[in-house]
1. Can you give the convex hull volume of the alpha carbon atoms of segment 166-275 per residue, in Å³?
2. Treat each spin label as a single point 7 Å out from the Cα along the C-beta direction, and report the LEU172 to GLU27 distance in nm.
3. Rank by packing, highest mean first: peptides 176-189, 79-92, 128-141, with packing defined as the count of other Cβ atoms within 10 Å averaged across residues.
4. Please express the Cα-Cα pair-distance distribution P(r) of segment 108-189 as a list of whole percents, one per 10 Å bin, running from 0 to the bin with the greatest distance.
5. With each pseudo-label sitting 7 Å past Cα toward Cβ, what's the ASP273-GLN9 distance in nm, one decimal?
6. Take each of the peptides 249-255, 210-216, average the number of other beta-carbon atoms within 10 Å over its residues, and list them starting from the highest.
7. How much length would be gained if the chain were fully extended between THR204 and ASN17, taking 0.36 nm per residue of separation minus their Cα-Cα distance, in nm to one decimal?
8. Efficiency by 1/(1 + (r/R0)^6): what FRET value for ALA190 and SER165, r their Cβ-Cβ distance, R0 = 35 Å, to the nearest 0.05?
Amino acid sequence: FPLPPLDIQNRIVSKLNELMKHCDDLERSVIESQNYNEQLLQQVLREALEGKDEVENENLKLVAEDSPMYSVSKDIQKNCDTGDMAILAGYIIKKLSTQNSKDFGRVKLQKMLHLVEYHCQLSSELKYQKNVAGPHAWELEHVIEPKLKSLRFFEIKKDKFGATSKVTYTPLSASNELTSLFNREFKDQAESINNLLNKFQDKTWEFCERISTMYAVWNNRLIRKELFTDEILKQDFLAWDDKKKRFIDVLDHTLEWIRKEKIEPVGFGEYIDKK
């Protein structure tokens with residue numbers, strides 16, 4: 001095979017080494033740019049979530065109906081603004097809707113937000129009230145979900161099925177940032193929140209409904225420092241709404257599961273009552 005002179009071979013090798021170094025530098029620059037873009041996107045999302053709209057807050061006060069509240073003195077692990085709660089809601093959707101997306105909707109999200117906030121002792125602007133399906137916060141649909149849509153976390157669609165309806169959450173481009181945002185904003189609470197969410201990975205929305213409702217009536221008794229027994233808690237559960245009677249045969253199991261999983265309430269948060 002014909003070969004160039006040795007000095008030319010050396011010059012070719014030297015040039016190739018120079019080009020390879022240039023390629024390595026370019027690859028490193030691309031990776032650094034990607035990391036910077038991710039950090040920038042997170043910062044933009046964080047700033048958007050933290051933005052305080054005084055007009056929106058005033059309108060919220062005028063439109064939302066207040067419920068009677070009875071506060072108790074308990075340690076608050078984190079004070080959450082609506083931006084934090086949007087991250088938390090998005091993280092719950094991302095974590096719990098993957099195994100059974102057909103079963104996941106607004107009802108399950110409402111109940112899990114309630115359980116996470118009360119059990120992990122977070123303080124937020126969500127005001128829970130008695131609803132047919134358990135603790136219900138008006139702010140989820142009218143404040144939190146609009147943030148999830150505007151920040152391109154999820155597309156939210158409500159479909160009608162006769163007399164019932166179902167809300168679905170479809171991930172959008174920014175949803176990939178939710179895990180890192182959650183780990184940053186809830187770094188001190190992430191372990192306890194994940195431990196709680198893991199217990200509900202394969203549970204139906206109806207299971208979440210009865211656990212959330214039983215937790216609420218139990219916690220209400222603790223807040224008011226009222227004596228109670230399992231029979232009293234079951235009576236409170238059934239008195240929540242007439243439609244709770246469909247759970248009458250599983251109430252003992254509900255109490256057993258709460259105790260078995262060590263998620264008994266401690267009287268944290270505000271008393272949940274009717275509108």
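Every number in this text was worked out from the coordinates using simple rules, so none of it is lab data. Since the structure is predicted, the reported quantities are computational estimates derived from the model, not experimental observations. With ideal geometry, Cβ positions are generated from the backbone for all residues, glycine too; neighbour counts draw on all protein chains shown.
1. Taking only Cα atoms, segment 166-275 has a hull volume of 157 Å³ per residue.
2. 3.6
3. Top of the packing list down: 79-92, 128-141, 176-189.
4. With a bin width of 10 Å, the distribution comes to 15, 42, 36, 6, 0.
5. According to this spin-label approximation, the distance is 9.3 nm.
6. On the way: 249-255: 14.4, 210-216: 24.1.
Sorting 249-255, 210-216 by mean packing, highest first, produces 210-216, 249-255.
7. Values: separation 187, 0.36 × 187 = 67.32 nm, distance 5.98 nm.
Residue separation times 0.36 nm, minus the Cα-Cα distance, leaves 61.3 nm.
8. Details: r = 33 Å, r/R0 = 0.93.
FRET efficiency, ALA190 to SER165: 0.60.
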